[in-house]
Each structure stands twice: as structure tokens, then as C-alpha cells.
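Values in this text are rule-based calculations from the coordinates and carry no lab data. On a predicted model such as this, the values are computed, not experimentally measured, just so you know. All Cβ positions, glycine included, derive from the backbone under ideal geometry; neighbour counts span all protein chains shown.
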Amino acid sequence: MASYHSIAPVLCMLALLFYGGNALHDSVLKTTLYIKQSFAKDQRTLGDGTVIINWPIKDGPGAAANTIGHAEGLTTLANEPSHFWVTCHAGSSLQVMGLHGSKKDLPQSQWSVMGGTGQLTMARGIIKYNITQEDSSSRTFELYIYVYYTTILAFSDTRGNP
Ligand SMILES: *[C@@H]1O[C@H](CO)[C@@H](O)[C@H](O)[C@H]1NC(C)=O
């Protein structure tokens, strides 16, 4: 599996914003990716209303698209009458949380990006999704990702060693 940030230069529009006098710089990750959820694989039920997920993240909507990462985490049926699921996952390098539903219940929603690792340290932003495909075996989320981040290239541990 290719790591998420290794494909970033191809998929992402990177804009470097420099702030006066600050050695850190903010970057923008703005891209569209796809999550393919298959109900019979890449996820398993932990208990009533809680599912462990490992959904592939794709670079396109079709069958020929490449898998470029995984949304790994948990989803919980938080609002049973509405069929809204709270999903916490790490899209390889981004930590994400938000609600999702089926195409009927919640065809579009937003997830918050609360952090990141690797090249996407100090990430914060928003992912909007639209469910573009759904049948009895699978569902495709089209993700519009808009994230600011600041890459921490290197840091020392608390003892001051490199
Ligand atoms: C969401 O996806 C559906 C199915 O592809 C499409 O018809 C609709 O226009 C999309 N909505 C938005 C807001 O992009």
C-alpha cells in the first residue's frame, strides 16, 4: 500500500503560505478522493451498532482506481432512528471524525480533520462527502478534502538528543 503522503505531490495542489518572522509555514491540501465501503469486507462488527472499519481510499470513482490509503477506525450507530453513524478514522495520515449515513439518510455531510502525522502534522480542516454510488453490497463516498497543515520536519526529544 502506498502511503498517503507519497502520492500527495501528484494529487494535491500545494500552496505554501509564509508568515513574516515565523520559521513554520502552512500548506494547503485540497483534493478529491474516494472511499469504497463494501458491506461484506473491509469491515467487521464489534458489537451492537459498532463496526471496525478498514475502508480503501481510492484515487478515482471507478473499478480501475488505485488504492492509495485506508480509512482505519471505528464507526458507531449514534442516532438509531436517523441511522447516523459517528466515524473516527485515520486516513493514513489524517485523523478524522464525523457523521455518516446511507444515501437515503445522510447523502452529504462533513467530517472534521483534527490532526495529522508524517507530512501532514498539525492538520486541521474539513472533508465534505457526497455518496455517489450505493447498492446492496457497497457504497462510494466522494470526499472533498480541504486541510491546512504545517509539516514539522524534525524535532528533538525532551532530553535534547537528535
Ligand atoms: C452527489 O452525487 C450524486 C450522484 O453522483 C450527484 O447526482 C449529485 O449531483 C452530487 N451532489 C453534489 C452536491 O455534488
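Miscellaneous remarks
- In segment 25-111, chymotrypsin sites (Phe, Trp or Tyr not before Pro) in a DSSP loop with at most 15 other beta-carbon atoms within 10 Å: F39
- Additional length obtainable on full extension of the chain from Q108 to A65, 0.36 nm per residue less Cα span: 13.3 nm
- For D42, net neighbour charge (Lys/Arg +1, Asp/Glu -1) across residues whose Cβ lies under 14 Å away: +4
- Stretchable slack from V28 to V86, in nm (0.36 nm times residue separation minus alpha-carbon distance): 18.3 nm
- Net charge in the neighbourhood of G125 (other residues with Cβ under 14 Å of its Cβ; Lys, Arg +1, Asp, Glu -1) is +2.
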